[in-house]
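J.: Please find one structure pasted underneath; my questions will follow.
The values are calculated or read from the model by the stated rules, or taken from the named source; none is laboratory data. Please read all numbers here as calculations on a predicted model, not as lab measurements. Backbone-built Cβ (ideal geometry, glycine too); neighbour counts: all protein chains shown. We work out accessible area using only protein heavy atoms, side chains counted, and drop any ligands, DNA or RNA first. Shrake-Rupley method; radii C 1.70, N 1.55, O 1.52, S 1.80 Å.
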Amino acid sequence: MSDQTHRAMIPAAGQGRVAKAPRPGGPAQVARPGRGYAVRLWSVRHARALEWFYRRFARTVLLLHPLWQALGYGRVEKPMRFVERQVKGLMFDCRMCGQCVLSSTGMSCPMNCPKQLRNGPCGGVRANGHCEVRPDMPCVWVKAWEGSRRMVQGDAILTVQKPVDRTLAGTSSWLRVTAQAAAERDQREDAA
């Protein structure tokens, strides 16, 4: 292997890029992570601010429960799902599992894990903190831990998550959480 080929295969220092081996007769190419990946990492770095925003957003959506109920949750699902897919897709590379746990996982979506693990990293995290399946990608759970340490309620990452209910894939978790919170609030009021 020539020295030039060997250097082309070494990760670009500190730039988050991995160089590809050159094509025969062609120049070395550098693989760059997509913009969505960069935004996902930004979201983890700013987990505390996003946690603050999310708490206020969740309260606002809950205040609108009477409106959602009057319109019908079924009718509101499609437009809310569209907005949720766009916002969370951009910010977190969301997979729309329908059971969002971003507020518990340092704003790092566990569904981005190639193994889709919901409760921490597998035993194959590399020494450099990267994924065993995709060596060019930092482990989603390593990033989740980093993000959770920045959050006020960061210890929520220690809560064991239920397995993913695949029947909820593609639905709005915002509406589901709102409906559940409203039902719990109504139960407390009825008990009092």
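J.: Would you mind stating whether M111 is open to solvent by less than 20 Å² (accessible area, probe 1.4 Å), at pLDDT below 95 and assigned to a helix (DSSP H, G or I)?
T.: For M111, the condition - open to solvent by less than 20 Å² (accessible area, probe 1.4 Å), at pLDDT below 95 and assigned to a helix (DSSP H, G or I) - is met.
J.: On to the next question. List every residue pair whose Cβ atoms lie under 8 Å apart, where the two residues are 6 or more positions apart in sequence or sit on different chains, the first residue falls within segment 149-161 and is among the polar types (S, T, N, Q), and the second residue, located anywhere, is open to solvent by less than 100 Å² (accessible area, probe 1.4 Å).
T.: Q153/E51; Q153/S103; T159/S104; Q161/V101; Q161/S104; Q161/P110; Q161/R118; Q161/N119
J.: Does W174 satisfy being open to solvent by less than 90 Å² (accessible area, probe 1.4 Å), modelled with pLDDT of 90 or more, farther than 10 Å from T105 by Cα and assigned to a helix (DSSP H, G or I)?
T.: Here the answer is yes, as W174 does meet what is asked.
J.: Also, quick follow-up: Out of segment 50-78, which residues are open to solvent by less than 80 Å² (accessible area, probe 1.4 Å), within 24 Å of R40 (Cβ to Cβ) and among the hydrophobic types (A, V, I, L, M, F, W, C)?
T.: Hits for segment 50-78 are L50, F57, A58, V61.
J.: Which residues, counting only those in segment 138-163, are surrounded by 15 or more Cβ atoms within 10 Å (Cβ to Cβ), in a loop (DSSP other than H, G, I, E, B) and either over 14 Å from the mean Cα position of the chain (by Cα) or of a type in the set (S, T, N, Q) (or both)?
T.: Filtering segment 138-163 for residues surrounded by 15 or more Cβ atoms within 10 Å (Cβ to Cβ) gives 138-148, 150-151, 154, 156-157, 161.
Narrowing the set further to residues that are in a loop (DSSP other than H, G, I, E, B) leaves 139, 151, 161.
M151, Q161, listed by residue number.
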